[in-house]
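Here is the structure we will look at.
Each value in this text was obtained by applying a stated rule to the coordinates, not by laboratory testing. As the structure is a computational prediction, the values presented were derived from the model and not from experiment. Note: ideal-geometry Cβ built from the backbone for every residue, glycine included; neighbour counts use all protein chains shown.
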Protein chains: 2
Amino acid sequence: MPPARHDRHSVVTTALRLLDEVGLPDLSMRRLATELDVQPSALYWHFASKQELLAAVADSILRTVPEPDARIALPEVARSIRDALLACRDGAEVVLSTYALRLGARRAQDALLAALGGGDQPAADALFEFILGHTMLLQQRMHAQSIGAVAPDDADPTPDAEAVFTAGVDGFAELSARRRPS
Amino acid sequence: MPPARHDRHSVVTTALRLLDEVGLPDLSMRRLATELDVQPSALYWHFASKQELLAAVADSILRTVPEPDARIALPEVARSIRDALLACRDGAEVVLSTYALRLGARRAQDALLAALGGGDQPAADALFEFILGHTMLLQQRMHAQSIGAVAPDDADPTPDAEAVFTAGVDGFAELSARRRPS
DNA sequence: ACCTGAACACCGTTCAAGT
DNA sequence: ACCTGAACACCGTTCAAGT
């Protein structure tokens, strides 16, 4: 039997599925290679490093956020980014840790900028940073709870998270309204 | 010569210094043990896992944020948290990734809550999440730039970061003012 | 063009045993 | 109370060689 044949796209697709199954700490190049019926070294034909592979995975995670469109309301755009991150285990951490080589993150930021009216780049960036921080912390708590290693005074984090997210998005909507009075 | 003797405090102090020198990806239990003139297994007398050690380091990173005090203005508290994170290489990532076992993070959140007037827990949490996301992204870009692996259309990230941080803090100050009209 | 096979220099963690 | 020594089951990455 000849060895399996892959391209960047098939590797990323499998990596994304494996990430969702096992989480970021267990997503190793060796385990991914096994999943692809290939030797670990074969992955380095498609990607120069694990970091580069994870950046492509991050891009894929954000693929569902809409194109920049000023007609979409700010909270809706913010929610679509959060939901894209939540759709994959450790999604926020992957995007945060590969942000320096931004691919899909750029489009997410542009979508926020458009929803803010187009002029306030610092506000768009700050809102994106809030969404990432919020979602990473939420996924962190979700995982801690799933393995039972949770601080004793904490209840289920998911319900309160909605109030916190709304508070954050409202803060930026307020800011935007004051800076650009209609 | 008898083996070196340590306690939790001395281990954390050395870990914090080593983190600042080499960064989170190179902060291994083995390297830390070498720095302490001890075998790697000795660290497991003081900490049950690397995760638990990093949580103690995170606590130490946030040790400089002031006690909760309603007389301190919100931007000042926000800035003291950001500066505490920036004072150590990869500080934001360490705090974010060990947040589930929150130690020092709790006090930072309480300081924000007090500065907001005491009543708006969701707003305090959201602001803390913004500060963490913002600072992790900033440190990410700082590191990418230091090794020259930066997106070609990006200039030095540090100056703009101040505008983005101010935009974020202003957003929450606005929110707080509207919710609790004086 | 894409993969194998073997190697290099590492990891976190456990556990019996030492002092 | 705190550490050693040895082991277990892993890592990411490189590179000559295969097809």
**Request:** Tell me the Kirkwood hydrodynamic radius of segment B:17-110 in angstroms, computed as one over the mean inverse distance between distinct C-alpha pairs.
**Result:** 14.2 Å
**Fill in**
All alpha-carbon distances of segment A:1-47, grouped into 10 Å bins from 0, give the whole-percent distribution 28, 58, 13, 1
**Most to least packed among A:44-53, A:164-173, B:67-76 [average Cβ atoms within 10 Å]** = A:164-173, A:44-53, B:67-76
**Asked** If you place +1 on the Cβ of every Lys and Arg, -1 on the Cβ of every Asp and Glu, and leave all else neutral, what size is the dipole of chain A about its Cα centre, to the nearest 20 Debye?
**Response** 600 debye
**Prompt:** Can you tell which of B:77, B:127, B:100 lies farthest toward the positive end of the dipole of segment B:64-179, using +1 and -1 charges on the Cβ of basic and acidic side chains (Lys, Arg; Asp, Glu)?
**Reply:** B:100
**Asked** For residue A:31 and residue A:63 in the same chain, what is the full-extension length gain: residue separation times 0.36 nm, less their Cα-Cα distance, in nm?
**Response** 9.1 nm
**Asked** How large is the dipole of segment B:76-140 about the Cα centre if only Lys and Arg carry +1 and Asp and Glu carry -1, each at its Cβ, rounded to the nearest 20 debye?
**Response** 160 debye
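When the dipole is taken about the Cα centre of the protein assembly as shown, and only Lys, Arg (+1) and Asp, Glu (-1) are charged at their Cβ, what size is it in debye, to the nearest 20? Provide the component values of the computation, followed by the final result.
On the way: 36 positive and 50 negative charges, 63 e Å.
Rounded to the nearest 20 debye, it is 300 debye.
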**Prompt:** What are the semi-axes of the equivalent ellipsoid for chain A, taken as the square roots of 5 times the Cα gyration tensor eigenvalues, largest first, in whole Å?
**Reply:** 33, 22, 11
**segment A:18-47 versus segment B:54-103: alpha-carbon centroid distance in Å** = 35 Å
**Prompt:** Calculated from DSSP H runs of 4 or more alone, at -39500 (n - 2.57) each and per residue, what is the 222 nm mean residue ellipticity of chain A, nearest 500?
**Reply:** -21000 deg cm²/dmol
**Asked** Pulled fully out, how much extra length does the chain show between residue A:160 and residue A:83, if you take 0.36 nm times their separation in residues and subtract their Cα-Cα distance?
**Response** 26.1 nm
**Prompt:** Across peptide A:100-106, how many C-beta atoms of other chains are within 10 Å of each residue C-beta, on average?
**Reply:** 4
**For segment A:165-172, Karplus couplings with θ = phi - 60° (6.51, -1.76, 1.60), whole Hz, Gly/Pro x** = 4, 4, 4, x, 5, 4, x, 6
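Could you work out Rg/(2.2 N^0.38 Å) for the protein assembly as shown, with Rg from alpha carbons only? Can you show the working numbers first?
Values: Rg = 21.1 Å, N = 364, 2.2 N^0.38 = 20.7 Å.
Output field value: 1.02.
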**Request:** Just add up the charged neighbours of residue A:69: K/R +1, D/E -1, any other residue whose Cβ is under 13 Å from the Cβ of residue A:69.
**Result:** -1
